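Enquirer: Dumping the structure here so I can ask a few things about it.
The values are calculated or read from the model by the stated rules, or taken from the named source; none is laboratory data. In this text the structure is predicted, and so the values were computed from the model without any measurement. All Cβ positions, glycine included, derive from the backbone under ideal geometry; neighbour counts span all protein chains shown.
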Amino acid sequence: VESVIVAIDGPAGTGKSSTSRAVAAALGLSYLDTGAQYRAITWWMITNGVDVDDPAAIAMAAGKPAIVSGTDPDGPTITVDGVDAAAPIRTPEVSARVSAVSAVPEVRARITELQRSIAASATGGIVVEGRDIGTTVLPDADLKIFLTATPEVRAARRSGELKGSDVAATRDALIKRDAADSSRKTSPLAKADDAVEVDTSELTLQQVVECVVTLVEEKR
Ligand code: C5P
């Protein structure tokens, strides 16, 4: 395979972003964080007064913001209507709202189309991370990985990233978000039948990266 497409899915806190970026950098591939796109559309809705408790209002606004993702694994970027959104999309408020916004079919249809066009134009290949990449967005990906870890490990990793946050509260928020993402009707968080599952609970980031790089090299 000349231009390799890698799909990396899994719940929050399994190391998807760190792994995906490191794998893309090691192999000279582009990188796309699809969670950042759902966060960006959620942030735009909150700041533009869209009622994010109302799926009909979300559906009506789904096409409005212009979302642009920069795909360099050494410095991925995201802008919304030309504004740098990298920091505001990581707030607890956006994290708490993003599952409801991303469950709306009109939002998914729009973001999925954007993701497919970015993947198609990434000439050397791309690592795409998310929840439904292997099942829905890129079902023909050359390699599909599904990362898992215990809730305790995931919460500890996430609270290490968000300095000063409480592990128990982080764990509850993660579990709630995963339950919402896994139970929605349109393209829920799920392992594709042909995905390789990697439990990262007992592994270092470097070990997970080596494992995925080896799997990609077997496909090339
Ligand atoms: O990856 P991250 O945790 O930043 O994703 C934020 C949220 O975006 C997820 O909890 C989920 O609701 C949504 N998402 C999605 N489909 C994807 C990626 C993210 O629905 N492919």
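Enquirer: Can you say whether R110 is among the charged types (D, E, K, R), within 16 Å of the chain's Cα centre (by Cα) and either within 11 Å of the ligand (Cβ to nearest atom) or under 14 Å from L29 (Cβ atoms) (or both), as far as the supplied structure shows?
Expert: On the way: among the charged types (D, E, K, R): yes; within 16 Å of the chain's Cα centre (by Cα): yes; either within 11 Å of the ligand (Cβ to nearest atom) or under 14 Å from L29 (Cβ atoms) (or both): no.
Considered against the rule, which asks whether it is among the charged types (D, E, K, R), within 16 Å of the chain's Cα centre (by Cα) and either within 11 Å of the ligand (Cβ to nearest atom) or under 14 Å from L29 (Cβ atoms) (or both), R110 comes out as no.
Enquirer: Let me ask something additional. Need the failing condition index for P55 against (1) at pLDDT 95 or above; (2) buried (at least 19 other Cβ atoms within 10 Å of the Cβ); (3) of a type outside the set (V, I, T), just the number.
Expert: (2)
Enquirer: Give L189, L147 a once-over and let me know the one that is within 13 Å of the ligand (Cβ to nearest atom), crowded, with 17+ Cβ neighbours inside 10 Å and outside any strand (DSSP E or B). Step through it out loud before you land on a result.
Expert: Values: L147 fails: outside any strand (DSSP E or B).
Only one candidate passes the filter, namely L189.
Enquirer: Helices (runs of 4 or more DSSP H) wholly in segment 10-77 with at least 1 residues that are more than 10 Å from the ligand (Cβ to nearest atom) and touching a strand residue (DSSP E or B) at 6+ places or on another chain (Cβ under 9 Å) - which ones? Step through it out loud before you land on a result.
Expert: Values: elements: 16-27, 34-47, 55-61.
Here the list reads 16-27, 34-47.
Enquirer: Which residues, counting only those in segment 53-83, are among the charged types (D, E, K, R) and over 18 Å from the mean Cα position of the chain (by Cα)? Give the steps one after another, and end with the answer.
Expert: Going residue by residue through segment 53-83, those that are among the charged types (D, E, K, R) are 53-54, 64, 72, 74, 81.
Those that are among the charged types (D, E, K, R) and over 18 Å from the mean Cα position of the chain (by Cα): D53, D54, K64, D81.
Enquirer: Scan (1) among the hydrophobic types (A, V, I, L, M, F, W, C); (2) farther than 13 Å from A7 by Cα; (3) crowded, with 22+ Cβ neighbours inside 10 Å for the single condition A122 breaks and write down its number.
Expert: All conditions are met except number (3).
Enquirer: Right, another one. Given the options A141, A120, name the one that is under 24 Å from T214 (Cα atoms), modelled with pLDDT of 95 or more and part of a helix (DSSP H, G or I). Can you show your working first?
Expert: Working: A141 fails: part of a helix (DSSP H, G or I).
It is A120.
Enquirer: Which of (1) within 16 Å of the ligand (Cβ to nearest atom); (2) touching a residue at least 40 places away in the same chain (Cβ under 8 Å) does G124 not meet, given it meets every other one?
Expert: The single condition G124 does not satisfy is (1).
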